[in-house]
1. If a residue must be in contact with a helix residue (DSSP H, G or I) (Cβ under 8 Å, 6 or more places away or on another chain), free of Cβ contacts under 8 Å to residues at least 60 places away in the same chain and closer than 15 Å to residue 43 by Cα, how many such residues does the range 113-170 contain?
2. In the range 93-120, what count of residues is obtained for those that are modelled with pLDDT under 90, of a type in the set (A, V, I, L, M, F, W, C) and crowded, with 17+ Cβ neighbours inside 10 Å?
3. Condition check: of a type in the set (S, T, N, Q) and within 15 Å of the chain's Cα centre (by Cα). Does residue 56 satisfy that?
4. Suppose we filter 103, 131, 98 for residues that are more than 12 Å from the chain's Cα centre (by Cα), part of a loop (DSSP other than H, G, I, E, B) and under 20 Å from residue 154 (Cβ atoms); which single one remains?
5. On the basis of being touching a helix residue (DSSP H, G or I) at 6+ places or on another chain (Cβ under 9 Å), closer than 15 Å to residue 129 by Cβ, surrounded by 14 or more Cβ atoms within 10 Å (Cβ to Cβ) and at pLDDT below 95, does residue 78 make the cut?
6. Please determine, by comparing only the residues of the range 6-31 that are aliphatic (A, V, I, L, M) and surrounded by 17 or more Cβ atoms within 10 Å (Cβ to Cβ), which one is farthest from the chain's Cα centre (by Cα).
7. Go through the range 66-75 and give me each residue that's under 11 Å from residue 16 (Cβ atoms) and either touching a residue at least 60 places away in the same chain (Cβ under 8 Å) or surrounded by fewer than 20 Cβ atoms within 10 Å (Cβ to Cβ) (or both).
8. Check every one of the helices (runs of 4 or more DSSP H) wholly within the range 3-69 and list those with 1 or more residues that are of a type outside the set (S, T, N, Q) and under 15 Å from residue 80 (Cβ atoms).
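The values are calculated or read from the model by the stated rules, or taken from the named source; none is laboratory data. As the structure is a prediction and not an experimental result, all values here were calculated from the model. Heads up, the Cβs are rebuilt from the backbone with ideal geometry, glycines too, and the neighbour counts pull from every protein chain shown.
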Amino acid sequence: MINPVSRNIFRMFILILFQVLVLNNIQVSGYINPYMYVLFILLLPFETPRWLLLISGFAIGISIDLFANTLGMHTSATVFMAFLRPYVLKVLVPHDEYESGTYPRLYYFGFTWFLKYSLVLVFLHHTFLFYVEVFRITFFFHTMLRVMLSTLFSVFLIILSQFFIYRKQK
């Protein structure tokens, strides 16, 4: 059995490599920029302490920034997402609470719950990231279109990864 810490570190490196080598080269007319590296924050265990969430968000964000030469934009957006994750989990809590030892996966909580969870957090991340990138209110609607299209495509990739990579453990 693989240690959960080493599994998460391995997942972080795989997501960084996939983001840097594949997804950073995908851009559709400047409107769709897929950011799948946020899956790392989404899939951390429920019991992850808040301080570790923030450090994890910082670590993966600064890694993407170093490769993309974006001067802290991904770091700030990922730390923002990690900060809001516990609050989003409280709002989306199922009627029978989160069981100890479970993870926020599609197979544990169903398609609808995972779709809401990933849509909310990815939308918040992308909104923060794209508005920090533009840093002007004059491009509000153009940037919001980019946020929405990129969020939809990123969530599509995240859900697709749940079907192909993660299986329900028996």
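1. Matching residues across the range 113-170 total 8.
2. Step one: list which residues in the range 93-120 are modelled with pLDDT under 90, which gives 93-110.
Imposing the further condition that a residue be of a type in the set (A, V, I, L, M, F, W, C) reduces the set to 93, 106, 109.
Filter once more, keeping what is crowded, with 17+ Cβ neighbours inside 10 Å: 106, 109.
Number satisfying all stated conditions: 2.
3. Considered against the rule, which asks whether it is of a type in the set (S, T, N, Q) and within 15 Å of the chain's Cα centre (by Cα), residue 56 comes out as yes.
4. The conditions single out 103.
5. no
6. Only one residue tops the list, namely 23.
7. At the first step, the residues of the range 66-75 found to be under 11 Å from residue 16 (Cβ atoms) are 66-68, 74.
66, 67, 68 - these are the residues of the range 66-75 that are under 11 Å from residue 16 (Cβ atoms) and either touching a residue at least 60 places away in the same chain (Cβ under 8 Å) or surrounded by fewer than 20 Cβ atoms within 10 Å (Cβ to Cβ) (or both).
8. 39-42, 50-68
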